[in-house]
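Please read the structure below before turning to the comments.
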Amino acid sequence: MTEQTEGAVTVLGLGPMGSALATAFVENGHRTTVWNRTSSKADPLVAKGAVKAETPAEAVRASPLVLVNVIDYDAARMIVEPVAEDLRGKTLVNVTADTPDRARDMASWAADHGIDYVDGAIMTPIETIGRPESVYLYSGPDDVYKAHQPTLASLGGTATYVGADPGRAATYDVALLDSFWTAMSGVIHAFALAKAEGVTAGELTPFMQGIVGLAADIVPELAADVDRGKYPGDASTITSNAAGMEHIVHAAHQRGIDAGVIEAAKAVADRAIDDGHGQDGFARLVETLARR
Ligand SMILES: NC(=O)c1ccc[n+]([C@@H]2O[C@H](COP(=O)([O-])OP(=O)(O)OC[C@H]3O[C@@H](n4cnc5c(N)ncnc54)[C@H](OP(=O)(O)O)[C@@H]3O)[C@@H](O)[C@H]2O)c1
């Protein structure tokens, strides 16, 4: 066990992620108290040097800084609401993923109970926790965040404070995961389409990495158009993009492959064209999406 020199911290929730967070704290010398609904999940952490609490109240009383990391905010609230009095005067950092509005609701509940509240989002998988590749976002009062920054730094990687509105970390989280899951759905659909034509996923992979990388390279240009509210179609127009999507829909239908994802994307492009924006660039679809 590492010598315990740093600030005490409590971790509520010991799924794969909560266990990884608690491990990083223990390994960095924090007195780490852990609690989980299924209490046996605390045992491997106790073997590493953590202290197992029998109840959330006991866990919360052990440290000035309490992290909660469970499946969603309903579960987080079920755990922390009954121990609100024990949390009074302490800092609660909620690194559970959920929506911006739910983060704001939880911040307002915390304020009503004299609890300092920071909302966080973890943007990288458990293997990265405690390592340089991990990425964390935090929002809420900046003095509260700064006070606990040295302890949170034991999680490793890059932590970014994204603003005082407690909903901002969750906003980044849902927006970034929106792009991730949509891209993943596209990759899987592409593998299905190629397989139906006799091309293996492995054969496609080097080219797939190229085209996914190309999409990443275009992001700053799209972002500049979105933030300026100007959508020049000099390099490529929505009309041309929609024609390209149509080929994919046809190719999928010809092999009996579900084309729902690409059809939904094309429907948005078609709406922009119907609105008279066919000669604009793809970034215009941000406005089309906002007008349901
Ligand atoms: N895993 C990752 O790589 C990753 C990456 C980034 C962010 N995250 C986020 O981290 C959070 C936790 O994820 P996870 O991977 O550890 O697994 P998870 O399945 O999302 O959460 C498991 C944890 O939630 C607890 N839980 C579920 N329902 C509960 C309830 N009704 N009351 C009390 N506790 C309840 C579980 O307790 P029991 O053990 O008793 O079931 C366990 O501690 C999620 O918000 C997730 O989106 C995870």
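Yes or no, residue by residue, for (1) buried (at least 17 other Cβ atoms within 10 Å of the Cβ); (2) in contact with a helix residue (DSSP H, G or I) (Cβ under 9 Å, 6 or more places away or on another chain):
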| residue | (1), (2) |
| --- | --- |
| LEU155 | yes, yes |
| THR160 | no, yes |
| ALA164 | no, yes |
| THR171 | yes, yes |
| PHE180 | no, no |
| ALA183 | no, yes |
| GLY186 | yes, yes |
| ALA201 | no, yes |
| VAL212 | no, yes |
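Applying the condition of being surrounded by fewer than 19 Cβ atoms within 10 Å (Cβ to Cβ) and over 14 Å from ALA111 (Cα atoms) to the range 87-101 and asking which residue is farthest from the ligand (Cβ to nearest atom) yields ASP101. Of all the residues in the range 133-147, those that are over 14 Å from LEU65 (Cβ atoms), in contact with a Ser or Thr (Cβ under 9 Å, 6 or more places away or on another chain) and either surrounded by 14 or more Cβ atoms within 10 Å (Cβ to Cβ) or aromatic (Phe, Trp, Tyr) (or both) number 5. The residue pairs whose first member lies in the range 173-186 and is under 12 Å from THR99 (Cα atoms) and not assigned by TED's automatic domain parsing to the domain that holds ILE218, whose second member is hydroxyl-bearing (Ser, Thr, Tyr) and at pLDDT 95 or above, and whose beta carbons are closer than 7 Å, counting only pairs six or more residues apart or on different chains, are VAL174/THR99. Comparison of VAL60, VAL11 shows that the only residue that is more than 10 Å from the ligand (Cβ to nearest atom) and in contact with a helix residue (DSSP H, G or I) (Cβ under 8 Å, 6 or more places away or on another chain) is VAL60.
Taking the conditions exactly as written (among the hydrophobic types (A, V, I, L, M, F, W, C) and under 22 Å from VAL118 (Cβ atoms)), does LEU65 satisfy them or not? Yes, satisfied. Just one of the listed residues (LYS52, LYS41) is without any contact (Cβ under 8 Å) to a residue 24 or more places away in the chain and either more than 14 Å from the ligand (Cβ to nearest atom) or surrounded by 16 or more Cβ atoms within 10 Å (Cβ to Cβ) (or both), and it is LYS52. Would the range 55-66 turn up any residue that is surrounded by 16 or more Cβ atoms within 10 Å (Cβ to Cβ) and touching a Pro at 6+ places or on another chain (Cβ under 8 Å)? Within the range 55-66 (the criterion being surrounded by 16 or more Cβ atoms within 10 Å (Cβ to Cβ) and touching a Pro at 6+ places or on another chain (Cβ under 8 Å)), the answer is yes, since at least one residue qualifies. Considering the range 14-31, the residues that are within 24 Å of the chain's Cα centre (by Cα) and of a type in the set (Gly, Ala, Ser) include one that is farthest from the ligand (Cβ to nearest atom), namely ALA24. Look at (1) of a type in the set (Gly, Ala, Ser); (2) more than 13 Å from the ligand (Cβ to nearest atom); (3) under 21 Å from TRP109 (Cα atoms) and you find that GLY156 fails only one, number (3). How many residues does the range 117-140 hold that are among the polar types (S, T, N, Q) and more than 10 Å from the ligand (Cβ to nearest atom)? Qualifying residue count for the region: 1. None of ALA264, ALA283 is modelled with pLDDT of 95 or more, loosely packed, with under 13 Cβ neighbours inside 10 Å and of a type in the set (A, V, I, L, M) except ALA264.
The values are calculated or read from the model by the stated rules, or taken from the named source; none is laboratory data. Nothing here was measured: the structure is a model prediction, and the numbers come from that model. We place every Cβ from the backbone using ideal geometry, glycine too, and count neighbours over all the protein chains shown.
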